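Asker: Take this structure, written in structure tokens, and hold onto it; I'll ask about it next.
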Amino acid sequence: MSDVLAGLYAIVGPKGLLTDQSEMAAYAIDWRKLFPGKPLAVARPSTTAEVSAVMAFCHHHGVAVVPQGGNTGMAGGAVPDASGRELVLSLARMNHVRGIDQVGMTLEAESGVVLQTAQDAALAVNRLLPISLAAEGSATIGGVISTNAGGVNVLRYGMTRSMVLGLEVVLPDGLVVDGLRQLRKDNAGYDWKQIFIGTEGTLGIVTAAVLRLMPRPTQRVTALVSVPDPQAALDFLVLAQDNLGDTISAFELISGFSIGLVHEHFGLSCPVSAGEWYVLIEAGATISGLREAVETVFEKALGQGCVLDGAIAESVQQASDLWMLRERITESEAKESKSVKHDVSIPIPSIPQFLIDAGQALERHANGTRVNCFGHLGDGNLHYNVLIAGHDAKDINRIVHDVVDRFGGSISAEHGIGQYRVDELALRRSEPEQVLARMIKTAIDPVGLMNPGKILSRREFR
Ligand code: FAD
Ligand code: MLT
Ligand code: ZN
């Protein structure tokens, strides 16, 4: 065993260090299997003090560190390069919900707590942790914070950032910064926690967090409708907002193509008569009358012609079946063929025109590609994923992102940059924005040991 491994072993003990290639295999490659890496080792500390000691040790020995939570990220941010010199630091053993305050509506958890475990802990005291995504059975609190994850409830509750009240982080040199405050209002100095949210482990390790909880809706109405086109989906959104207000938590656009994939790969059937596009809508409330209100909206929408057909879930099981049609899309796409993912933000009213323009651009420059489009329409976030049929992935990125630029959009709404979009980010952000990013990185991680090559390219930084 090398001196470095022996030093790490002395800090985290036998349960906390993996060095065997077969044991490290799951930590070495991302969920999409696009970025195979080779870890120096995998450290699995179980306390903040151990994380701090590992970081101080790595800082002293010049070892780069790649933080990893559930390894469900879509941008290759949680895996090491192939050099065999980067240490994966898994937070999986820091998995305790430390406490819940029902009155103050907060939950404190270590960063390796699986999102679903935290949601269940909140439900047990009749509160809601509204961060929700199809990977919630594996994604961790530290991971959703570090990616500022979105998911299906952003329309009502905001991104993960809006749920974070307090953070504990370990800096690249091992310094522990404890900001685990439960306060809703706190303007005392710089709100430093914001720079660790969504920065994908490039500035430090998130070890614990205090999250805001919400009242748990006692009624929930889930429905799937077919719509003639994306503009009709937006007309339906306006109608729903006018009549249901902020009870709407999810408003998801699903293409007929996506529904077809889910049917083909999981045998799931759609209860709504065939359409080019569908919307999955969910509303929740703690006062009565929600279902009647949703039914009224449907009648109006049918009358206006923006909805063609629809099914409102009659039971919890039916609601879950409708959600399966949405949540299985990513896995179906992975089974189908090689895809280039786009996680774009577009000003909401421009989405129908974006879809037309992007489709035409692909037809012109990338014949034979197919588009699996779905996403969080209520947030202006589309997953415009292209099944590439032999085309070059970089070319497809450029074609789609050029159209995104024309609409003043963003090349990542919720998944982040990781290593997947580093080159594209450098092309799309202005020089002053890039200068500022490098200043932040250099101030906090001057040696460049935190998650190298993620968000900022290695050559750009070091
Ligand atoms: P990881 O993948 O382990 O890490 C993600 C990034 O965060 C990496 O850069 C890593 O270095 C860093 N990191 C992880 N933990 C820490 C820590 N404690 N401290 C510092 N840095 C850390 N994302 C969405 O936003 N919305 C969705 O709807 C959505 N749906 C998904 C559906 C499926 C089927 C899958 C597979 C993924 C989906 N994702 C979605 C992406 C993914 O689930 C999220 O990005 C999630 O937040 C990642 O959590 P994780 O614990 O797996 O993090
Ligand atoms: C989703 O909304 O399901 C995701 O963010 C995952 C994906 O883009 O495949
Ligand atoms: Zn998404």
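Asker: Skipping prolines and chain starts, which residues have an amide H placed within reach, meaning under 5 Å, of the one on W277, given they are 5 or more residues away or on another chain?
Answerer: V227, G256
Asker: On to the next question. Amide H of H342 versus every other amide H placed in the peptide plane: which residues, excluding those fewer than 5 positions away on the same chain, fall under 5 Å?
Answerer: Result for H342 returns Y384, N385, V386.
Asker: In the neighborhood of I141, defined by Cβ-to-Cβ distances under 12 Å, what is the net charge if each Lys or Arg adds +1 and each Asp or Glu adds -1?
Answerer: Once all neighbours under 12 Å are counted, the net charge is -3.
Asker: What ³J(HN,Hα) values, in whole Hz, does the Karplus curve 6.51 cos²θ - 1.76 cosθ + 1.60 give for segment 282-288 when θ = phi - 60°, with x put for Gly and Pro?
Answerer: 9, 10, x, 7, 9, 10, 7
Asker: Can you give me the Rg/Rh ratio for segment 117-173, using Cα atoms for both radii and the Kirkwood formula for Rh?
Answerer: 0.99
Asker: I would also like to ask the following. From the P(r) of the chain, could you give the percentage of C-alpha pairs in the tail past 36 Å?
Answerer: 30
Asker: What does the C-alpha gyration tensor say about the overall shape of segment 22-124? Classify as rounded when a/c is under 1.5, otherwise prolate if a/b is larger than b/c, or oblate.
Answerer: Note, shape of segment 22-124 comes out oblate.
Asker: Do you know the relative contact order of the chain, to the nearest whole percent, from alpha carbon pairs under 8 angstrom that are 6+ apart?
Answerer: 15
Asker: Let me ask something else. Tell me, what ³J(HN,Hα) does each residue in segment 399-405 have, in order and in whole Hz, if you take phi through Karplus 6.51 cos²θ - 1.76 cosθ + 1.60 with θ = phi - 60° and put x for Gly and Pro?
Answerer: 4, 6, 5, 4, 5, 4, 4
Asker: How much of the DSSP bridge set in the chain is antiparallel, in percent, rounded to the nearest 5?
Answerer: 85
Asker: What are the extents of the Cα atoms of segment 346-462 along their three principal axes, listed from largest to smallest and rounded to whole Å?
Answerer: That works out to 45, 33, 22 Å along the principal axes.
Asker: Any chance you could check the Cα centroid distance between segment 386-462 and segment 216-280 for me, in angstrom?
Answerer: 31
Asker: Note the angle between two axes, namely the Cα long axis of helix 431-444 and the longest principal axis of the Cα atoms of the chain, as a number of degrees from 0 to 90, rounded to the nearest 10.
Answerer: Helix 431-444 and the main axis of the chain meet at about 40 degrees.
Asker: Relative contact order of segment 36-182: what whole-number percent is it, with Cα pairs under 8 angstrom and at least 6 residues apart?
Answerer: 25
Asker: Shifting gears a bit: Please label the shape of segment 1-70 as rounded, prolate or oblate, based on the square roots a ≥ b ≥ c of the eigenvalues of the alpha-carbon gyration tensor (a/c under 1.5 means rounded; beyond that, a/b larger than b/c means prolate, else oblate).
Answerer: Here segment 1-70 falls in the prolate category.
Asker: Please give the calculated 222 nm ellipticity per residue for the chain, where each DSSP H segment of at least 4 residues contributes -39500 (n - 2.57) and the sum is spread over every residue; nearest 500 deg cm²/dmol?
Answerer: -10500 deg cm²/dmol
Coordinate-derived values only; no laboratory data. Keep in mind it's a predicted model, so treat the numbers as computed, not measured. Counting neighbours? That spans all protein chains shown, and the Cβs are built from the backbone with ideal geometry, glycine included.
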